[in-house]
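Here's the structure, in structure tokens; my notes come after.
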Amino acid sequence: MVTGAPVQRILVIKLGALGDVVQALGPMAAIRDHFKDAHITALTRPPFDTLIMARGLADQIIFDPKPAAVNVPGWLSLRSTLRSGAFDQVFDLQTSNRSSAYFKLFWPSKPMWSGIAAGCTQPHANPNRNHMHTLERQAEQLHMAGIETVPAPSLDGVNPDLLSLGLPSSFTMLVPGGAKHRPGKRWPSAKYRDLAQQLDSSIAPVVVVGTADEQALADEIVKDTPSALNLAGKTSLLQLVGIAKAAKAAVGNDSGPMHVAAVADTPSVVLYSNDSDPALCAQRGADVTILRRPSLDALNVDDVMQALPTALGGS
């Protein structure tokens, strides 16, 4: 590409996971606003395409096939797909080893590239980038690429139909799940069950959300609370956004759905252990309370209940 030529075709890379994609909505909006006339393609994974398109942040989606290291045909196919996009500019918001490796697939005619790939034209050249919160890190990356203003993530305009879910008129969203390989990030299910019973009598009945793999966990939490609703594995990503927007409050582990609730400005209480650092990845929104203990076994239901009035504005 000739330096200084108008940017007409942009690739934005954001592969996952849910919380990371939600936090990238602001940077993606900044790219869209800065390059108003450009055609923007997002390289992502299902189901994040639905959220990106619902927010109007891309004109086209390419799904990342995630080829294994030894899958030569897969890498060649991905290379063909990327090169056929004729991209002038790439914004790598994933900045992982994998996404950085994709930079090499454009050889010999590489586009302008914002990220951390060796030899890229717009490197995020801050040696302390891994010690920054995601939002500040991505804003600085875009600043170094010439984009001055990066808004906060927003879920405006995402208003799915929730009628089929049978939601109560007022409810508290519970997020008891999280990454399988990091059990230390999960508050014990027995404490969620006790919390569900207390919320049912004091604030609002609970709606439990999560993945299909978390249905049994959710069943265990709601089994002694007849008014509670288990929607784990029963919603689309956009419906999850709608549930978070409709909830009176949200309580959950450090996980993607709690990023959704925070960005939706739902009063949120997020539970942290030393397995993750809120300084680097905390949920951000208008009303977020972080409760952290070295181990979540030490966090009591009363601690969470006491945090909820603050999150709900003292009600």
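Quick notes on this structure:
- Among 115, 256, 166: highest mean-square fluctuation, GNM of the chain, C-alpha pairs under 10 Å: 166
- Under the shape rule built on the C-alpha gyration tensor, where the axes satisfy a ≥ b ≥ c, region 163-311 is rounded, since a/c falls short of 1.5.
- Nearby lysines by direct alpha-carbon distance to residue 248 (threshold 22 angstrom, same-chain neighbours under 8 apart not counted): 191, 223, 234
- For the chain, the longest principal axis of the Cα atoms and the long axis of helix 237-246 meet at an angle of about 50 degrees.
- Between residue 79 and residue 129, residue separation times 0.36 nm minus the direct Cα-Cα distance comes to 15.2 nm.
- Separation between Cα centres of region 22-40 and region 87-104, rounded to whole Å: 16
- Separation between Cα centres of region 175-205 and region 237-307, rounded to whole Å: 11
- Tensor-based shape of region 9-144 (alpha-carbon gyration tensor, a/c under 1.5 rounded, otherwise prolate or oblate): rounded
- Fewest-first ordering of 187, 75 by other beta carbons within 10 Å of each residue's beta carbon gives 75, 187.
- Global form of the chain, assessed from the alpha-carbon gyration tensor, a/c cut-off 1.5: prolate
- Sequence of 49, 254, 277 once ranked by neighbouring C-beta atoms within 10 Å, starting from the fewest: 277, 49, 254
- Ascending count of other beta-carbon atoms within 10 Å, so fewest first, for 41, 172: 41, 172
- Once exposed loop trypsin sites (Lys or Arg not before Pro) are cut out (DSSP; at most 12 other Cβ, 10 Å), longest piece of the chain: 37-179
- Compared with the dominant Cα axis of the chain, that is its longest principal axis, helix 301-311 is turned about 60°.
Since every read-out is calculated from the coordinates, none of them should be taken as a lab result. Because the structure is a prediction, the values reported are computed rather than measured. Glycine gets a Cβ as well: all are built from the backbone with ideal geometry, and neighbour counts include every protein chain shown.
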